[in-house]
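Novice: The structure that follows is given in the form of structure tokens.
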Amino acid sequence: MRIPTSHSLRSFATTRSLKSFPSILDAVSGIGFVQADPIRAPARAQDLILRQRVQGYRAGELEQKYPQLPLCEDVLHVYGFLPSQHLRLLHPRPLSGHWQQFLDGHVSLRKSVLRFVQRQGMAHPRAVEKELGSDTCENGWGGQSSQTTMMLEALHLQGLLRIARRESGQRVYECAAECGRQRPLPDHTRAEGLCRLLIALYAPMPLKSLRQVLGAVRGPVTVTTKDALGRLVESGELRRERIDSEDWIWPDNETSALLASDDGDARVRLLAPFDPVVWDRRRFALLWNWEYRFEAYTPVAKRKLGYYALPLLFRDQVIGAANLSVREGTLDVDLRFVGNRPREAAFRRGLEQELSSFQEFLGLSSQTPCAPLVSGIMDG
């Protein structure tokens, strides 16, 4: 039986993730999870992820349509959006550390907040604070937060509240309809479901990365999770192979597609820092032989790629990154390459198309002609 090469792994990693979907719901369901991030530079991560997969997608569209879609905001291994059907894999969620200490010390407040949200139907944090008081407490990140806002977040983490919508970016809460109506799934069922969800999101994936991500979802990698992985490999549902001294794992029914992967088309894509293609930094280094780092929280003097550098994909190669900003209604572009910049016409055309599409995605009223913009970048 043929064994995939690092080249086929790289090509497959891009083509299987960057599929096109007819709608936001289809895209989130197809991917399984879309990471959220509050930074807008010049758009939020969730919008940048969806623009690569939903034709004609516009910045802010997910937040606008979310209340009418069967989606939820929740924590998988990180915070983001996922189909409501996956919530049973996440809840009930035992809390620990400062969250559990906070709940233990505020039993009465917990009851009061739940009653208020139930009575109101939907509740903005400001309304809860106005009703129940504005006392503050340590938030676990070295600062102070409103006790009522902390309680809303804790109840959301427990699965008792959900995000109904956002108002100017702030969460508006309601009671989770599923709460108390379904029996919790057995641990082994949850473990297998989480393995499937994360593999579908990030395959082909280094086994070490999968174990680390599962640990972030469920705490330390437990015997239950290890057993679940073993069962899925043993049953033939997942394929595990050692390639270039690294153990990789992917759905076995996708092996033929993996082996048939090519270099992809000549399209240029500007990916979100948390796009599934580039999210796993270990996999990134193995596939593209350089280290990509998210530098928004890195001191300016130590940044190499920029504040919010978007990985630059050409065919199946991530060849650098772009920092985009909007100044006086015009898109400003700063490209940085990790090697020699491509000189071929296909890259120039692809970059023109991507920047033109990006301007439409942002809804810029005065769109800069992209041919001279790209000429300035490439010939400068």
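Novice: Please verify whether E241 is crowded, with 16+ Cβ neighbours inside 10 Å, out of contact with any Asp or Glu (no Cβ under 9 Å at 6 or more places or on another chain) and not hydrophobic (A, V, I, L, M, F, W, C), treating the condition exactly as stated.
Specialist: Taking the combined requirement at face value, the residue does not satisfy it.
So that you can scan it fast, the table gives a plain yes or no per residue for (1) part of a helix (DSSP H, G or I); (2) assigned by TED's automatic domain parsing to the domain that holds R282; (3) under 15 Å from the mean Cα position of the chain (by Cα):
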{"residue": "H7", "(1), (2), (3)": "yes, no, no"}
{"residue": "A13", "(1), (2), (3)": "yes, no, no"}
{"residue": "R16", "(1), (2), (3)": "yes, no, no"}
{"residue": "A27", "(1), (2), (3)": "yes, no, yes"}
{"residue": "G30", "(1), (2), (3)": "yes, no, yes"}
{"residue": "R40", "(1), (2), (3)": "no, no, yes"}
{"residue": "D47", "(1), (2), (3)": "yes, no, yes"}
{"residue": "L50", "(1), (2), (3)": "yes, no, yes"}
{"residue": "G56", "(1), (2), (3)": "no, no, no"}
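Novice: D316 versus (1) within 14 Å of T14 (Cβ to Cβ); (2) without any contact (Cβ under 8 Å) to a residue 40 or more places away in the chain; (3) out of contact with any strand residue (DSSP E or B) (no Cβ under 9 Å at 6 or more places or on another chain): which is the lone unmet condition?
Specialist: The one condition D316 does not meet is (2).
Novice: Looking at the range 215-229, which of its residues are within 26 Å of the chain's Cα centre (by Cα) and either free of Cβ contacts under 8 Å to residues at least 40 places away in the same chain or in the same structural domain as V277 (by TED's automatic domain parsing) (or both)?
Specialist: Listed by number, the residues that qualify are G215, R218, P220, V221, T222, T224, T225, K226, L229.
Novice: Under 8 Å by Cβ, and 6 or more places apart or on different chains, what pairs join a residue from the range 134-159 that is within 16 Å of E174 (Cβ to Cβ) with one that is of a type in the set (F, W, Y)?
Specialist: Hits for this filter: M151/F102; L152/Y173; A154/W99; A154/F102; L155/Y173; H156/Y173; L157/W99.
Novice: Only one of S366, S356, S375 is within 20 Å of D47 (Cα to Cα), modelled with pLDDT under 95, surrounded by fewer than 19 Cβ atoms within 10 Å (Cβ to Cβ) and among the small types (G, A, S); which?
Specialist: S356
Novice: When the residues of the range 134-146 are narrowed to those that are under 28 Å from the mean Cα position of the chain (by Cα) and surrounded by 15 or more Cβ atoms within 10 Å (Cβ to Cβ), which ends up modelled with the lowest pLDDT?
Specialist: The residue in question is N139.
Novice: Just one of L287, L258, L312 is closer than 19 Å to K19 by Cα, touching a Leu at 6+ places or on another chain (Cβ under 9 Å) and in a helix (DSSP H, G or I); which is it?
Specialist: Result: L258 is the single residue among L287, L258, L312 that is closer than 19 Å to K19 by Cα, touching a Leu at 6+ places or on another chain (Cβ under 9 Å) and in a helix (DSSP H, G or I).
The values are calculated or read from the model by the stated rules, or taken from the named source; none is laboratory data. Since we're looking at a predicted model, the values are computed, not measured. Cβ: placed from backbone, ideal geometry, glycine included. Neighbour counts: every protein chain shown.
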